[in-house]
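The values are calculated or read from the model by the stated rules, or taken from the named source; none is laboratory data. Values in this document were obtained by computation on a predicted structure and should not be read as measured data. Note: ideal-geometry Cβ built from the backbone for every residue, glycine included; neighbour counts use all protein chains shown. Side chains included, ligands, DNA and RNA excluded: accessible areas come from the protein's heavy atoms. Shrake-Rupley method; radii C 1.70, N 1.55, O 1.52, S 1.80 Å.
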Amino acid sequence: MSSRAILRWPHGSEWGHLAEVPDGGGLPRFTGFVRMTDPRVQTLITLVEPQPADEGMWEVHFTATESELVPT
């Protein structure tokens, strides 16, 4: 299992998607959708500042130890 993940969502959306980043590199693997009002998501984005991405998207790069969103 990967220890790195990305949460990405369109600006103003109620939903975001979560992807795990393989330890050996390569493309992130989609693992599911999350509601942006989920307390775990809200905690994560207060700990790790969201960065603007392409085409009105926001994203947060984090490790599994920073959030309970990634199953262990």
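Here are some notes:
- Count - residues of segment 5-27 that are in a strand (DSSP E or B) and either exposed (fewer than 12 other Cβ atoms within 10 Å of the Cβ) or not aliphatic (A, V, I, L, M) (or both): 7
- Exclusive hit being open to solvent by 30 Å² or more (accessible area, probe 1.4 Å), hydrophobic (A, V, I, L, M, F, W, C) and at pLDDT 90 or above, set Phe30, Phe62: Phe30
Every residue, every condition in (1) assigned to a strand (DSSP E or B); (2) touching a Ser or Thr at 6+ places or on another chain (Cβ under 6 Å); (3) closer than 20 Å to His11 by Cα, yes or no:
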| residue | (1), (2), (3) |
| --- | --- |
| Phe33 | yes, no, yes |
| Val41 | no, no, yes |
| Leu44 | no, yes, yes |
| Val60 | yes, no, yes |
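- Residue match in segment 19-36 (condition: without any contact (Cβ under 8 Å) to a residue 24 or more places away in the chain, touching a helix residue (DSSP H, G or I) at 6+ places or on another chain (Cβ under 8 Å) and over 16 Å from Arg4 (Cα atoms)): yes
- The condition (being assigned to a helix (DSSP H, G or I) and without any contact (Cβ under 8 Å) to a residue 12 or more places away in the chain) is satisfied by just one residue among Glu55, Glu49: Glu55.
- Segment 14-51: number of residues that are of a type in the set (Gly, Ala, Ser) and within 14 Å of Ser67 (Cβ to Cβ): 3
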